[in-house]
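Reviewing the structure listed below.
Bear in mind these aren't lab numbers, they're just calculated from the coordinates by the rules spelled out. Quantities reported herein were computed from a predicted structural model and do not represent experimental measurements. Here the Cβ is made from the backbone with ideal geometry for all residues, glycine too, and neighbour counts use every protein chain on show.
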């Protein structure tokens, strides 16, 4: 009985593919399968990277392709590191990264913690909370610009309703003080659900019996939170911070849609500066060098951070 | 240490009755083992005493006080879970110290250290105090879990199959250690298992649970030699007791109403049949190393008993079988006196 079943299975199993395509070894076949991906990766990722590294040492300008390209050595890099505007853009970026991460982590973790209470309808609320994350950034940027409108925007209306300040004075996008916060609010609104999702996964991974053990051991809810919930969810929180940190270090879409870097250059983050240098001033070589510096900075910071993350995980 | 009294406790989960009208009294310093198959309500009983579940009816007294509605923290019990419920990000030392560092207790740190070191020695984990609790073997983790219960001096220790996930050798070691520790401390302990050897070797009294009902409670000897019914008889003994219909073998002296006769090895005299009459045929002799099982076919029934390693019986031998004061059970499954 069993033998016959095995025979049937053997008969029904097709010959290995390599046997049927003559002249191609297993290894050859494997290469055949992955070559489109490799070619694509080379064409749109690896080659441009090396091309940008090359350009960063030259005075090349993309709008004057016929001009002679001179090799400048490290001059581009020297100029960038001495450029006051670049440092201001970096500071603006750091400011954004810090506040968005802080707000998103605190609110995201709190939401996750509340959802994890498993109250009635918690699945429904999870879905509702996730909606902003599912929208396209272009859509989010455009309708927040609408909400921020001083005359007709709902946001300005609510603020003036609560505080009594006339809505025309709540110029979220054109006030030098408020514009950075306008962007921080939108980014937080959009990406807090993402942080919440990761934190929720962390909280769900803590087994129930640990809490029961702690309860029998007479640990208060407060102590359970500090000595069980937080330490055990910490690797997940740190992961969320890493993802959001890298993402917001290169934040472009929301700033470009909402303020375009203005008013003045108050919301000009590094990626906006980069875009202005590359596609408004057409200093291709110079902006390539800046891009490389940003890349190395993100890469280095992320590496240090991942090391710390692994240390926390191993505990 | 204190006594624990459970009176008329019933606990339902939805439509299933996990515990049905349970009465159980555990004396101060007593080691009681609850024995029963999976789903009999053993763990639920422990969780009810710990306060992790609330009874639907009935009362639970700990140390003479009514604890029925108290929270786990107010009950003063210590619980060893079946899973190693260690705090994974803490060291062995901090795991053991966790119950002592409760703000409600306010132990000075020096006293905590001394107590933890004492207990660590007791459960033989003192060489790994600085290790992360996740970097231990299964046996070490369970020692820490047991140690974490022992650092306190609660009214009662509740242990939920603490040895079930360990290998046989370690289980035997820890079984002895637990019994030693319990008698050293004079601890009141309620211990749940489905392992009859654990129950027989450690318990002062064994309680047999089946389908949420406490079928019988008594000393290991009493449970073994005077089981209340077929269920209890079938739980103890290795190989399992032979349950034969009345009349299969000559059973002079059986009380009226006997439906089933329970016969363990010591209740059977098996001899090679002389010419003529025979009751059964030897099926095979099974050598297990530490034990030797004799399988005999009697009519449509099979018997399994212990035998000598050098038994003269062999496959195909005809044998005569006689009862020696076996256990008699009525048609309702209850044992007849």
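Packing-based ranking of B:55-67, B:5-17, A:256-268 yields A:256-268, B:55-67, B:5-17, ordered from highest to lowest mean Cβ neighbour count within 10 Å.
Could you order peptides B:91-99, A:152-160, A:135-143 by the average number of other Cβ atoms within 10 Å of their residues, highest first? It would help to have the intermediate numbers written out before the result.
Values: B:91-99: 23.3, A:152-160: 16.1, A:135-143: 14.1.
By packing density, highest mean first, the sequence is B:91-99, A:152-160, A:135-143.
Distance from the alpha carbon centroid of segment A:136-204 to that of segment B:1-55 works out to 56 angstrom. Note on residue A:204 and residue B:290: their simple-model spin labels are 4.5 nm apart, each label 7 Å out from Cα toward Cβ. The mean number of Cβ atoms from other chains found within 10 Å of a Cβ in peptide B:303-311 is 0, as a whole number.
Could you work out the helix-only [θ] at 222 nm for chain B, with each DSSP H run of four or more residues adding -39,500 (n - 2.57) and the total divided by the number of residues, to the nearest 500 deg cm²/dmol?
On the way: 9 runs with 83 residues, N = 337.
Here the helix-only value at 222 nm equals -7000 deg cm²/dmol.
What FRET efficiency comes out for the pair residue A:107/residue A:307, r = Cβ-Cβ distance, R0 = 25 Å, nearest 0.05? Can you show the working numbers first?
Working: r = 27 Å, r/R0 = 1.09.
So the FRET efficiency works out to roughly 0.35.
Mean sequence separation of contacting Cα pairs (under 8 Å, at least six apart), scaled by the length of chain A, corresponds to a relative contact order of 26 percent. Here each label is just a point 7 Å from Cα along the line to Cβ, and for residue A:127 and residue B:213 those points are 4.6 nm apart. Stretch residue B:69-residue B:301 to full length: gain in nm at 0.36 nm per residue minus the Cα-Cα span? Working it through step by step, the gained length comes to 78.3 nm. Across segment A:249-281, the residues whose backbone nitrogen lies under 19 Å from the label position 7 Å along the beta-carbon direction of residue A:63 are A:261, A:272-281. Spin-label model, residue B:308/residue A:135: points 7 Å from Cα along the beta carbon direction are separated by 9.0 nm. Given the protein assembly as shown, what percent of its DSSP beta bridges are antiparallel, to the nearest 5? For the protein assembly as shown, the DSSP antiparallel bridge percentage is about 75.
Using a 10 Å cut-off on Cβ to Cβ distances, tally the other chain neighbours for every residue of B:79-90 and report the average as a whole number. Numbers along the way, then the final one.
Values: counts 6, 2, 6, 1, 4, 2, 10, 2, 9, 7, 10, 4.
Counting other chains' Cβ atoms within 10 Å and averaging over B:79-90 gives 5.
Please give the peptides B:106-113, B:156-163 ranked by average Cβ packing (other Cβ atoms within 10 Å per residue), highest first, as a rough proxy for protection. Mind dumping the intermediate values first?
Details: B:106-113: 12.0, B:156-163: 23.9.
Put in order of decreasing packing, that is B:156-163, B:106-113.
Over chain A, DSSP H runs of length four or greater, each weighted -39,500 (n - 2.57), average out per residue to a 222 nm ellipticity of -22500 deg cm²/dmol. Taking a point 7 Å out from the Cα of residue B:17 in the direction of its Cβ, the residues of segment B:214-250 whose backbone N falls within less than 17 Å of it are B:214-216.
Tell me whether segment A:75-314 comes out rounded, prolate or oblate; compute the Cα gyration tensor, take square roots of the eigenvalues as a ≥ b ≥ c, and use a/c under 1.5 as the rounded threshold.
Numbers: a/c = 2.67, a/b = 1.40, b/c = 1.91.
Since a/c reaches 1.5 but b/c is at least a/b, the shape of segment A:75-314 is classed as oblate.
Of all DSSP beta bridges in chain B, what percent run antiparallel (nearest 5)?
For chain B, the DSSP antiparallel bridge percentage is about 75.
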